[in-house]
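K.L.:
Below are the structure tokens for one structure; questions will follow.
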């Protein structure tokens, strides 16, 4: 039995990552489907500059980005459920690569699956920067899907 973390942001690459992870999985495996909300949507640089000691990440309220992301990821999870033993969904806020790495470590996953390019702010300029950071810093195996 494996525990597989799949990073999902709605991009074509993350959808392909799900497909590839399912091809590599068995009915006995567990999947953790993770979406990361960019911290820029929660707090601006200007806000951080004015109020540097306040952590706004805990202030995500009902009806916010987190709730919408959870709705979306839950729908995706339903399509995965018949193929594996268990599907867990997570929505975190912050830097995508950092949150993926932290979640992978905290959950002690066996494999991290990411698309090579998502919807990150750097996407147009530094292709695959999130995937690159994950590959460089992960303590577990990483599968990057094109």
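K.L.:
Can you give me the number of residues within segment 92-113 that are modelled with pLDDT of 95 or more and either on the phi > 0 side of the Ramachandran plot or in a strand (DSSP E or B) (or both)?
P.N.:
Residues in segment 92-113 being modelled with pLDDT of 95 or more and either on the phi > 0 side of the Ramachandran plot or in a strand (DSSP E or B) (or both): 4 in total.
K.L.:
Moving on. Quick check on this structure: which one of 39, 25, 57, 14 is closer than 23 Å to residue 142 by Cβ, surrounded by 12 or more Cβ atoms within 10 Å (Cβ to Cβ), modelled with pLDDT under 80 and touching a strand residue (DSSP E or B) at 6+ places or on another chain (Cβ under 7 Å)?
P.N.:
Values: 25 fails: modelled with pLDDT under 80; 57 fails: closer than 23 Å to residue 142 by Cβ; 14 fails: modelled with pLDDT under 80.
Just one listed residue meets the conditions, 39.
The values are calculated or read from the model by the stated rules, or taken from the named source; none is laboratory data. Values in this document were obtained by computation on a predicted structure and should not be read as measured data. Cβ coordinates were reconstructed from backbone atoms using ideal geometry, including for glycine residues, and neighbour counts include every protein chain displayed.
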